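Let me begin by presenting the structure, written as structure tokens, before commenting on it.
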Number of protein chains: 2
Amino acid sequence: MRQETVENYLKTIYNLSSNNSAVVVNQQLANKLSISPASVTEGLRKLHELKYVVYEKSYGTRLTTAGAKLALSIVRRHRIWETYLAKELGFGWDEVHEIAEELEHIKNDKLINKLSTILGNPMFDPHGDPIPDAKGKIKKSNFIKLSEAKTKSNYKLMGVTDHSVAFLKFLEKHQLIIGANIEVKGIEEFDNTIVLICNKKEVTISSKAAECMIVETV
Amino acid sequence: MRQETVENYLKTIYNLSSNNSAVVVNQQLANKLSISPASVTEGLRKLHELKYVVYEKSYGTRLTTAGAKLALSIVRRHRIWETYLAKELGFGWDEVHEIAEELEHIKNDKLINKLSTILGNPMFDPHGDPIPDAKGKIKKSNFIKLSEAKTKSNYKLMGVTDHSVAFLKFLEKHQLIIGANIEVKGIEEFDNTIVLICNKKEVTISSKAAECMIVETV
DNA sequence: ATTATCTTTTAGGTATACCAAAATTAATAA
DNA sequence: TTATTAATTTTGGTATACCTAAAAGATAAT
Ligand SMILES: [Mn+2]
Ligand SMILES: [Mn+2]
Ligand SMILES: [Mn+2]
Ligand SMILES: [Mn+2]
């Protein structure tokens, strides 16, 4: 199996299993990897052979220790590059993901550690995702989704779970950047639309968007 | 044909044809690409289809205008990355080539131009090779090989045509870095070994090594 | 001009990474 | 529990990028 293929599978399995439970089902993978379910079955069989995953037929897949280790190193590369692109090279948080998708496959520990050092070993990437350290250790935080927030409470935007250009540009337009203070003014009972105040301006957030915004209670 | 494959062929054809004449023969390509002559034939047929090269059966291959344009852009990426790795990220000139072999395939003009700007739009990479500008224009220089140098003359080291770690470490050991002043003390008639003085120390250079050293007459 | 040698091409074949359609298995609803 | 639906796997197939060995073509030496 080509190294880049292995890496894209493992990274995707990692991302899917850290959100939801531990076991990933084929359909999710087919979606994220933009390949057919039939191809996913084949891929997982090979990754099982390589001992990167435990793949149980018609049930689901989870990473082995070796698989998780490799996955974490790719996630580290991806997030370090995103941070470097944003902080050192002047790219917007809506531009970095696409470039990092390619850069993440360049395997050179010295390079990544050098970038990390230059950045001051950051804990979070431009989207608020935690960056694993050189040993693969990740900082756990207990933030909530904005969709779980309460009326009349204050929050700080800590991350986003959708990296699409459209969403990130929308947020930026309303000054909803990482670290921004948010006051939840009201929640529409009918459709869970949230009206909040950010930088003294009122912004209406759909429930779909609120699902993708990670906040910390202030 | 995969983009990375196309790029590696074109870059290699470019490098071979800029050294020697304009036409590249299959064997050279097979060598540089580390694949069989049979595979080269197949590859060239496809590149001809794609109109990146003019491939004449059993004769040789040269780049079309489109092929040269793409080749130049890959050479630019490669050399900009090498320079960035060396100047901004602290890598040695013996380390940068290998990493740049991977980085050169990341296609993002904004990224390369940003790196170039940070570096002050350099004209030469860490090995003295000219860096094409954003339009593909390259600075021509008329340096000679050290193997063509004359006794009792003074030169300045301007580049190397071999990027192997062993050779670059050897040069560095004797302070033979880009820009170093060289005085040719003598040339052994028997085997063309060159004895030169660099930083007041005598160094003996084999004819093979001298072939790989590019110098300017001072 | 003919042979010997070296280079290139063709023929036939492998491995990877995909796919669509059919068959199977699991989950859900009646 | 039995249909119905949905997810997964199997089957058979494509395209890319390589390979080795044999055939054909070009070059050089006698
Ligand atoms: Mn990302
Ligand atoms: Mn990727
Ligand atoms: Mn190089
Ligand atoms: Mn390359």
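Sorted by accessible area with a 1.4 angstrom probe, largest first, how do A:S17, B:S164 fall?
Details: A:S17 25, B:S164 50 Å².
Descending order: B:S164, A:S17.
If the cut-off is a Cα-Cα distance under 16 Å, which aspartates and glutamates reach B:K57, setting aside same-chain residues fewer than 8 apart in sequence?
Within reach: B:E42, B:E49.
Before rounding to the nearest 500, sum -39500 (n - 2.57) across all DSSP H runs of length at least 4 in the protein assembly as shown and divide by the residue total; then give [θ] at 222 nm in deg cm²/dmol. Walk me through the numbers on the way to the answer.
Numbers: 16 runs with 186 residues, N = 436.
About -13000 deg cm²/dmol.
Between A:I35 and B:N121, what is the FRET efficiency for a Förster distance of 56 Å, r being their Cβ-Cβ separation, to the nearest 0.05? Kindly include the intermediate steps, with their values, before the conclusion.
Values: r = 41 Å, r/R0 = 0.74.
Approximately 0.85, to the nearest 0.05.
Given Cα pairs under 8 Å that are at least 6 residues apart, what percent is the relative contact order of region A:3-63? Mind dumping the intermediate values first?
Values: 56 pairs, mean separation 21.2, N = 61.
Relative contact order for region A:3-63 comes out at 35 percent.
Counting only C-alpha contacts under 8 Å and six or more residues apart, can you give the relative contact order of region A:143-217 as a whole percent?
This gives 45 percent for region A:143-217.
Mind checking region A:128-218 for trypsin sites (Lys or Arg not before Pro) that DSSP puts in a loop (not H, G, I, E or B) and that have at most 12 other Cβ atoms within 10 Å? The partial results should precede the final answer.
Working: sites: A:K135, A:K137, A:K139, A:K140, A:K145, A:K150, A:K152, A:K156, A:K169, A:K173, A:K185, A:K200, A:K201, A:K208; in loops: A:K135, A:K137, A:K139, A:K140, A:K150, A:K152, A:K200.
Loop-located and lightly packed - A:K135, A:K137, A:K139, A:K140, A:K150, A:K152, A:K200.
With r as the distance between the Cβ atoms of A:V23 and A:E189 and R0 = 41 Å, compute the FRET efficiency 1/(1 + (r/R0)^6) and round to 0.05. List each step's numbers first, then the result.
Values: r = 35 Å, r/R0 = 0.85.
Between A:E189 and A:V23 the formula returns 0.75.
Rounded to the nearest percent, how much of the accessible area of chain A (1.4 Å probe, protein heavy atoms only) is carbon and sulfur? Show your work: numbers first, answer last.
Working: 5900 of 11890 Å².
Ligands and nucleic acids excluded, carbon and sulfur give 50 percent.
Over the protein assembly as shown, with the other protein chains present, what is the accessible area per residue in square angstrom, probe 1.4 angstrom?
Numbers: 23770 Å² over 436 residues.
Normalised by residue count, the accessible surface of the protein assembly as shown is 55 Å².
What residues of region B:1-42 lie in the reach of a label at B:R62, counting those whose backbone N is under 18 Å from a point 7 Å from the Cα along Cα→Cβ?
Under 18 Å, as judged by backbone N against the label point of B:R62, lie B:10-29 of region B:1-42.
Quote the total accessible area buried by chains A and B together, excluding ligands, DNA and RNA, probe 1.4 Å, nearest 100 Å².
Values: alone 12660 and 12660 Å², together 23770 Å².
Roughly 1600 Å² of accessible surface disappears when A and B pair.
Remind me, what semi-axes does the protein assembly as shown give for its equivalent ellipsoid, largest first in whole Å, using sqrt of 5 times each Cα gyration tensor eigenvalue?
Values: eigenvalues 514, 141, 85 Å².
Semi-axes from the Cα gyration tensor: 51, 27, 21 Å.
Can you count the Lys pairs in region A:143-217 with C-alpha separation below 18 Å, eight or more apart or on different chains?
Step by step, the pairs that qualify in region A:143-217 add up to 20.
In what sequence, largest accessible area first, do B:Y59, B:Y84 appear using a 1.4 Å probe? Walk me through the numbers on the way to the answer.
Values: B:Y59 140, B:Y84 10 Å².
Largest accessible area first, the list is B:Y59, B:Y84.
Report the accessible area of A:L33, computed with a 1.4 Å probe over the heavy atoms of all protein chains in place, in Å² rounded to the nearest 10.
Solvent-accessible area, nearest 10 Å²: 40 Å².
Got a number for the accessible area of B:R2? Probe 1.4 Å, square angstrom, nearest 10.
Result for B:R2: roughly 120 Å² accessible.
Short version: which residues of region A:75-110 lose at least 40 Å² of accessible area, all chains versus chain alone, 1.4 Å probe?
A:L89, A:F91, A:I99, A:E102, A:I106, A:K110
Any idea what angle helix A:3-19 forms with the longest principal axis of chain A, computed on alpha-carbon atoms, 0 to 90 degrees, nearest 10?
Tilt of helix A:3-19: around 40 degrees.
State whether region B:85-126 is rounded, prolate or oblate according to the following rule on the C-alpha gyration tensor (a ≥ b ≥ c being the square roots of its eigenvalues): a/c under 1.5 gives rounded; otherwise a/b larger than b/c gives prolate, and the remaining case gives oblate.
Details: a/c = 2.08, a/b = 1.18, b/c = 1.76.
Judged from the Cα gyration tensor, region B:85-126 comes out oblate (a/c at least 1.5, b/c at or above a/b).
Pull out a ≥ b ≥ c, the square roots of the eigenvalues of the alpha-carbon gyration tensor of region B:93-158, then state rounded if a/c is under 1.5, prolate if not and a/b is larger than b/c, and oblate in the remaining case. Walk me through the intermediate numbers first.
Working: a/c = 2.89, a/b = 2.01, b/c = 1.44.
Taking the square roots of the gyration eigenvalues as a ≥ b ≥ c, region B:93-158 is prolate.
Roughly what % of Cα-Cα distances in region A:131-182 sit above 14 Å, to the whole percent? Please list the in-between numbers first.
Details: 845 of 1326 pairs.
Of the Cα pairs, 64 percent sit more than 14 Å apart.
Distances over 14 Å make up what percent of all Cα-Cα pairs in region B:3-63? Before the final figure, lay out the partial values.
Numbers: 862 of 1830 pairs.
Summing the P(r) of region B:3-63 above 14 Å gives 47 percent of all pairs.
In whole Å, what is the distance between the alpha-carbon centres of region B:111-139 and region B:148-218?
The two parts, judged by their Cα centres, are 26 Å apart.
Under 1.5 on a/c is rounded, so check that first for region B:1-158, then, if it is not, pick prolate when a/b is larger than b/c and oblate when it is not; a ≥ b ≥ c are the square roots of the alpha carbon gyration tensor eigenvalues.
It is oblate, given that a/c is not under 1.5 and a/b is not larger than b/c.
Residue separation times 0.36 nm, minus the C-alpha to C-alpha distance between B:I197 and B:E101: what's the value?
Details: separation 96, 0.36 × 96 = 34.56 nm, distance 3.38 nm.
Gain in length upon complete extension: 31.2 nm.
Note down the relative contact order for chain A as a percent, whole number, built from C-alpha pairs under 8 angstrom at least six residues apart. Could the numbers behind the result be given before it?
Values: 329 pairs, mean separation 33.0, N = 218.
This gives 15 percent for chain A.
Pull out the extension gain between B:K169 and B:E42, defined as 0.36 nm times the separation in residues minus the alpha carbon to alpha carbon distance; nm, one decimal. Walk me through the intermediate numbers first.
Details: separation 127, 0.36 × 127 = 45.72 nm, distance 3.72 nm.
The B:K169-B:E42 span can extend by a further 42.0 nm.
Nearest 10 degrees, 0 to 90: what angle lies between the long axis of helix A:109-118 and the longest principal axis of chain A (Cα atoms)?
20 degrees
The values are calculated or read from the model by the stated rules, or taken from the named source; none is laboratory data. A quick note: this is a predicted structure, and the numbers were derived from the prediction, not measured. Heads up, the Cβs are rebuilt from the backbone with ideal geometry, glycines too, and the neighbour counts pull from every protein chain shown. Calculation scope for accessible area: heavy atoms of the full protein, side chains included, ligands and nucleic acids excluded. Shrake-Rupley method; radii C 1.70, N 1.55, O 1.52, S 1.80 Å.
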